[in-house]
1. Need a quick list: helices (runs of 4 or more DSSP H) entirely within region 459-554 having at least 3 residues that are more than 30 Å from the chain's Cα centre (by Cα) and modelled with pLDDT under 95.
2. Looking at Gly505, Gly469, which one is under 30 Å from Leu100 (Cβ atoms) and among the small types (Gly, Ala, Ser)?
3. Filtering region 113-144 down to residues that are charged (D, E, K, R) and not in a strand (DSSP E or B), which residue is nearest to the ligand (Cβ to nearest atom)?
4. Quick one: is Val529 more than 16 Å from the ligand (Cβ to nearest atom), β-branched (Val, Ile, Thr) and under 30 Å from Met436 (Cα atoms)?
5. Can you name every residue in region 21-75 that is in a helix (DSSP H, G or I), within 28 Å of the chain's Cα centre (by Cα) and among the hydroxyl-bearing types (Ser, Thr, Tyr)?
6. Consider region 84-101. How many of its residues are closer than 18 Å to Met120 by Cα and surrounded by fewer than 19 Cβ atoms within 10 Å (Cβ to Cβ)?
7. Pull up region 79-122, narrow it to residues that are free of Cβ contacts under 8 Å to residues at least 24 places away in the same chain and aliphatic (A, V, I, L, M), then point me to the one that is farthest from Gly322 (Cα to Cα).
Amino acid sequence: MAYYRTPHDVTTLPAWQALEAHRKAMQHFSMREAFNEDPQRFSEFTLSSAGLFLDYSKNLITTETRKLLVNLANEVGLKDAIKAQYDGELVNASEGRPALHTALRRPVGDKLQVNGVNVMPEVHKVLNQMTDLVGRIHDGLWRGYTEKPITDIVNIGIGGSFLGPELVSEALLSYAQKGVRCHYLANIDGTELHELTSKLRAETTLFIVSSKTFTTLETLKNATAARAWYLAQGGSQAELHRHFIAVSSNNAAAVAFGIREENIFPMWDWVGGRYSLWSAIGLPIALAIGMSNFKELLSGAYTMDQHFQNADFDKNMPVLLGLLGVWYGNFWGAQSHAILPYDHYLRNITKHLQQLDMESNGKSVRQDGVPVNVDTGPVIWGGVGANGQHAYHQLLHQGTLLIPADFIVPIVSFNPVSDHHQWLYANCLSQSQALMQGKTRAEAEAELRAKGMPEAEVQRVAPHKVIPGNRPSNTIVVERISPRRLGALVAMYEHKVFVQSVVWGTNAFDQWGVELGKELGKGVYSRLVGTEETAAEDASTQGLIDYFRGRHRG
Ligand code: F6P
């Protein structure tokens, strides 16, 4: 299969080498001084688009850094790569597929040929199919086996068939439609199924088996167990179609499971799992917030798509965020990146971005199979603020690692309580300020002396109070979380990930690394249950199998 473009050795590019030299020149760069010296720094390094405001002024950068990073984007051919992705070229070379999540957000009337077929009518046909189902459920016309309306939706899916829908439907809880609750069943851990079904009534529950491949072990096991639960609760095989629908590109397997063909919502192989919340995989979102809000979500993402494609790189949010990640990962040795949403409704964004970023950019070879010679995707981690401030922020402030962070915060709260939101916003800002500013030894000593501490004590305690500062962060401010702005936010991160893959020459759209564990899992399982007599490949695995079997016998 041909590559959509020839990958490069990025380290040989003039812009890369210029960045290496620039990095040396930046060794003693101080953000604190840069802010003191340049009153324009904030306006120089901020921009707005698609309802998002990005402040990237608290970074280890000058206008020269930005220029060199943009040169790098130009030298790796980012403009052409974006066009190739949007036009449906085979940007997923190892699987010989396009990656067309952007097509899912395009308006009616647009045309996009994939293998000689305009896919846009099909995309909008599925949206209409979703509109019909959502309408029937919300209007109480879709009924369970006792003729009662559906009150609970359970999405059975994992990875991309779970994380994106869960993030969005929970982030947009303020837009939730009355009368329908959405739940998620992802893990094969029976406790999850047990805890969930104990709250539900089969007669008013609709299960969506959400699996692009319809081969994913966890999802199939859960779907089978949910079907058994439904039958045990009094549901019949004949009425199963009222309670089980599917989203999948594997029609035959969904039919074999017992789902009626007309209740299978199609997926396409040109949509990757972690990019699929915009497709029928987003059904639980649409059921939670209604179809017009779902379309607003798509429209927000489309606005970001347009921005990504058309804005100059030095004013382009996903491009700048992607390049800043390259700057820290490849030139400053950063190995992780923190995502810190200061909003309860966005608490799941870190989990979604973990899959999006780490499954996309956790690669060691380029599109042509040649090993990369630079570090690729960072570890993505984090969690909701202000909780993190009382847990892991200590390491951000005083640890030895450089960890860039994205703070995400809305201006307006849906649930104002006294002055809580002002405090939440203040906490967010003061964290990025503390990371940037730090506290010098002289400041620490002066602070202690001002408290009347004896000089010997001052000298003993001061080193512990020094905070290095100069730690980079971006702040993304959203006026108020809405379907449109959330769509733009998630799309922004999708494009950021793509930018980085283009710089490294890797494929952001395959995930072969997850396969080995799945294959080995079958062997381990057979040995656990005794259908395989031969020993496992290594003594540790065999020892742990024996331990399990011994305990189960006893
Ligand atoms: O195992 C990883 C993965 O393939 C993800 O890429 C995907 O999002 C997830 O499993 C679920 O896949 P499916 O939708 O095919 O069940």
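The values are calculated or read from the model by the stated rules, or taken from the named source; none is laboratory data. Only a predicted model underlies this, so the values are computations on that prediction, with no experimental measurement involved. Neighbour counts are summed over all protein chains in view; Cβ atoms, including those assigned to glycine, are modelled from backbone coordinates with ideal geometry.
1. On the way: elements: 483-504, 515-529, 539-553.
In region 459-554, the matching helices (runs of 4 or more DSSP H) lie at 539-553.
2. Details: Gly469 fails: under 30 Å from Leu100 (Cβ atoms).
Being under 30 Å from Leu100 (Cβ atoms) and among the small types (Gly, Ala, Ser) holds for just one of Gly505, Gly469, which is Gly505.
3. Start the filter on region 113-144 by keeping residues that are charged (D, E, K, R), which leaves 122, 125, 132, 136, 139, 143.
If we keep only those that are not in a strand (DSSP E or B) too, we end up with 122, 125, 132, 136, 139.
Details: Glu122: 19, Lys125: 21, Asp132: 23, Arg136: 25, Asp139: 29 Å.
Among those residues, the one meeting the criterion is Glu122.
4. Working: more than 16 Å from the ligand (Cβ to nearest atom): yes; β-branched (Val, Ile, Thr): yes; under 30 Å from Met436 (Cα atoms): no.
Spelling it out, it is not the case that Val529 is more than 16 Å from the ligand (Cβ to nearest atom), β-branched (Val, Ile, Thr) and under 30 Å from Met436 (Cα atoms).
5. If the condition is that a residue be in a helix (DSSP H, G or I), within 28 Å of the chain's Cα centre (by Cα) and among the hydroxyl-bearing types (Ser, Thr, Tyr), then Thr65 is the only one that fits.
6. Qualifying residue count, region 84-101: 2.
7. Per the criteria, the residue is Val117.
To keep it simple, each residue is scored yes or no on (1) surrounded by fewer than 19 Cβ atoms within 10 Å (Cβ to Cβ); (2) on the phi < 0 side of the Ramachandran plot.
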residue	(1), (2)
Gly452	yes, no
Thr475	no, yes
Glu479	yes, yes
Pro483	no, yes
Val490	no, yes
Val502	no, yes
Gly513	yes, yes
Val524	yes, yes
Val529	yes, yes
